[in-house]
Structures are given as structure tokens and as C-alpha cells.
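Here the structure is laid out as C-alpha cells; the discussion comes afterwards.
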Amino acid sequence: MLSLPGHGRSILCDGISRRDSLRLGTLTLGGLTLPDLLKAEQIAGVKNSHKAVIMIYMCGAPGHQDMYDLKMDAPSEIRGEFRPVATAVPGIEICEHMPRMAAIMDKCIPLRSVYGSPDGDHDSFICYTGRSKRNQPAGGWPSMGSVTSARLGAVNAAVPAFVGLSPDAGHPPYGSPGLPGFLGVAHAAFRPSGPASDDMKLQGINSDRLNERRSLLASVDRLRRDMDRTGTLEGMDSLSQQAFNILTSSRLVEALDISSEPASVRERYGKGDASRFGDGAPRNLEHFLMARRLVEAGCRVVTLNFGRWDFHSDNFNGMKNTHLPQFDQGLSALIEDLHQRGMDQDVAVIAWGEFGRTPRINPDAGRDHWPQVGGGLLAGGGFRTGQVIGATDRLGAEIAERPLHFSEVLAALYRHLGIEPETTKLNDLSGRPQYLLENTIPMPELV
């Protein structure tokens, strides 16, 4: 049992639209018959291409000045022990403990001036929605994944539009994949590593019962075809329909099965640590690979959580020994993999936490909460990469150039997905239309 909580006009290379070419029927088009054209289109994946976003939530908020914005001219009690290294882009330096990310910085955009967390509380909410939890409309603000599910629907009926690879955490907001808010449970994240995971595994079933279930699945498949012909399937509620689609297809299960990947790919991503880190999330590098496989299968938004970056004490040992090397491996593998597979134009990646850390190192060798400014990193999406956006002052304490609100980043990601943040409205539970974001203008620097 499984429990589930803008179109462009295709123009061919010779300037003839796909629609016009289809009108030619069996006539040849540059030497291609219609069957040849359809076969070539299938191989090229024209009908299957879709935009997607992978969001990595870094639980507990990493120190911006220890990753992408090191302050070597600041006093020792501020700059810390890490040193910058040169990257693939002249003039851009990042932390020495992220050498793999440094090597692909031409494919990335460090964000050095992110702000918007109103009170410095630990909560993934602002990363997923771009909004404060204060003064929410009836039902609450929906996350990007839920909005995308509601506006665009599924690319493939057997694969949910929104998947959350976010295991539960000791601090519940760390384990959230992004909430559906006023859009309701029909657009909640499907969570294969959360409550639904047990429903996707065989639990104490012997070979006889497994064979019975296989026979049942064949019967259900025949039933599904009959229902599709009569239109009955369309009348089922959205949750039952999604469960039915998933249960009658192996597409989602196959996407989640990383064992089918070549050993060299699995080794490049690595394993990390699947156990929970404190009250945070695992540092599961296999989730980075799984996210890529999910968007290939048809997911539009995949969220995952990683680690616990709330180092109020022993910040530098915690960062360099348990978090930065693994994060460097997983994120760089994902970005490189997307480029090698030709997916970098269609898939955008964002990695960030809910705020930054204090410039001054405290007596316990840690950094405390600093909502004034934080950082993050963008990649893919067809964005103009190899640049830095924003800057802080010499102490990393205040924004000096280009304040960048969470909602501006999400506006850019919405536009990438094909959802216009400046005009799109959704009705809350009281029937009142609501804009997706407060700051709805996407980042012009990305174009």
C-alpha cells in the first residue's frame, strides 16, 4: 500500500515549424519522412524535455564567510582559520576545503548578499517559500515545489512533480521538504525517504505472496487501461490518481534505484553518511545522485536536506572535518553530471541555508546566528555563470553591494520553470488571490 499525502513553438533547424512539418504527412522534409521525423524527435527527447529545480537546504545555516566570502583583511577574531583558494574563474576565490567546487566555478554563481530571515530562527520555510512565517494567509504560504505541482502538474503521470528527499530531523523544520500551504495535501512533496518509504518496500512477503501481488499488478494494469478508455481515471481524486499512477509504473522506483548507475558515477558522488547529524539531517551524498535521476525521470522540483551547519562551537573543526569535504564532493558531482548529460540548461541547482553566521568568532570557537546577511550558490538553469552576485563589507557583517532577498532568487527559479512570478496568483483558502512572492522581479544578472 502506498500512502501519498508556457509552451514555446518548436522550430526545426531549417526554420519550418513542427506543426507545419506534420501537415506534410508522408511527404519528405529535407529527406526525412514523417516516421523518420518522429523517430528523430523521440531520440532527441523533444517531447520529454522539461525545466527542473534541485534545491539543497543546508540545515542550520552555514557560515557565509567560511565558504564563499572569506575576509582575509579582517582581524583574526573575524576571519577565522580557513584560507581562500583560486577557482576556475580568475578573481573568484572560495574556501580551501572546497577544491572540487573551485575547479568548476565557471559553472556556478556564489551569492554573497542574501537576506530576508526576519528573526534568525532555524527554519527551512524561507528557503522554500521566499517568505516569512509571520502574517500568513489562510492555509499558509506554499513552497516552490507545491506551487510548481499546482501550476504545471506532472511531466509523467507515474512521477510526482515534487519530490522531497528530506529525512525527518530532530528539529522538525530541518526535515521539512517544503510545505504545500493553502494549496493542500494534493500538492505536498512525495517523500520516498520519509513516511512513504515503508510503503515502497516489501515487508515480510514470501515468494508465494510476491507472485500473487505480481498477478494483482497485472490485473490492475488491465483495469487501468479500461478506466482510461472510459475516462474514469480522470474522475478520481488527485491523491488516489497519483498513487494509482505510481503503483502501475516502475518509472519512479527505477529513478530511486541508484544501483543501476555505473560504479564510476556512484563513486564520484560518494556515499557520505546516511545517519542523522545531531538534530539535523544526514550528509547523504547518494541523495544528490538520486535528485539527478528524479529530474531525468520527470520531477520538476526536488528538495533535499544536508547536515547540520549550526556550529555555535568548534565551527572550524565541524566544517572541515564533517561537512565541507562531503558537501564539496556531492554538489560538484551533481553540477558536473548535469553538464556532462546536457541537462545544465534545463536543471537549476540552488544550495543555501536560512541565514548567515556572526562575523565575530565566539569564545567557544563558534559562530552564532546572523540574519543580516548570508550566502548561497546557484548553478545550471541556463544562467550566466562564472560570476559573483553581491558583496559584504570588510567584516562580512553588512551588505555592501546588491542586496539579494530570498524571494528574488526564487523568482528567478520560478521563471526558469516557466512560471511568471510577476503575474501569477493563487487563491488561498479564503478565496483571496495571492502573489507567489513579495519581491517578484527575477534576478537580471542571470540573463
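Each of F316, F182, F355 was scored by other Cβ atoms within 10 Å of its Cβ. Arranged with the fewest first, they read F316, F182, F355.
Count charges around V114 for me, please; just the other residues with Cβ under 14 Å from its Cβ, Lys/Arg as +1, Asp/Glu as -1. The answer is -3. Computed extension gain for S275 through Q340, at 0.36 nm per residue and net of the alpha carbon distance, reaches 20.4 nm. Structure note, pairs K51/K107; K133/K425; K133/K320; K51/K425; K107/K425; K71/K107: Cα-Cα distances above 27 angstrom occur for K133/K320; K107/K425. Evaluated with a Cβ-only charge set (Lys, Arg +1; Asp, Glu -1), the stretch 49-105 carries a dipole of roughly 300 debye about its Cα centre, given to the nearest 20. Fewest neighbouring Cβ atoms within 10 Å first, the residues H287, H339 line up as H339, H287.
Between D106 and I441, the simple spin-label model (points 7 angstrom out along Cα→Cβ) gives 3.2 nm. Backbone amide hydrogens, once placed in the peptide plane, bring Q434 within less than 5 Å of L426, N427, D428, excluding anything fewer than 5 places away on its chain. By the count of neighbouring beta-carbon atoms within 10 Å, fewest first, L252, L446 end up ordered L446, L252. For G353, the amide hydrogen comes within under 5 Å of the amide hydrogens of M58, G375, counting only partners 5 or more places away or on other chains and with H modelled in the peptide plane.
A short reminder: the numbers here are calculations on the coordinates, not readings from a lab. Owing to the predicted nature of the structure, the values given are computational and were not obtained by experimental measurement. We place every Cβ from the backbone using ideal geometry, glycine too, and count neighbours over all the protein chains shown.
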